[in-house]
Amino acid sequence: MSYADVRAAVPESANVVSDPPVELTMDLARTQIAELDKLSRPTLVTCRVGPRSSALIYLYAGLRGVRQPTT
């Protein structure tokens, strides 16, 4: 799914390029967190390839003190 497809499907979205070879720096992490803060809830976070979306959610939860659901 392309970002254009996402934009066509939802009323609001954000695209933070984090694909390798982009290094995950503190500045990039701050940008990712800021973009998540702007979006309404619930929010779906996706990544075209790899575990970057789950890494972002764990980072966000850790920094914002969000409790993860237990199973």
Scanning the stretch 44-71 for residues that are hydroxyl-bearing (S, T, Y) and either open to solvent by less than 50 Å² (accessible area, probe 1.4 Å) or more than 13 Å from the chain's Cα centre (by Cα) (or both), the one modelled with the lowest pLDDT turns out to be T71
Selection count, the stretch 21-38, where residues are under 18 Å from G65 (Cβ atoms) and either in contact with a His (Cβ under 8 Å, 6 or more places away or on another chain) or not polar (S, T, N, Q) (or both): 6
Looking only at the stretch 22-30, decide whether some residue is surrounded by fewer than 10 Cβ atoms within 10 Å (Cβ to Cβ) and in a loop (DSSP other than H, G, I, E, B). yes
Run P11 past the list (1) open to solvent by 100 Å² or more (accessible area, probe 1.4 Å); (2) modelled with pLDDT of 90 or more; (3) part of a helix (DSSP H, G or I) and report the number of the one that doesn't hold. (3)
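The values are calculated or read from the model by the stated rules, or taken from the named source; none is laboratory data. Source: prediction; values computed, not measured. Neighbour counts run over all protein chains shown; Cβ positions are idealised from the backbone, glycine included. Note: areas computed on protein heavy atoms with side chains; ligands, DNA, RNA excluded. Shrake-Rupley method; radii C 1.70, N 1.55, O 1.52, S 1.80 Å.
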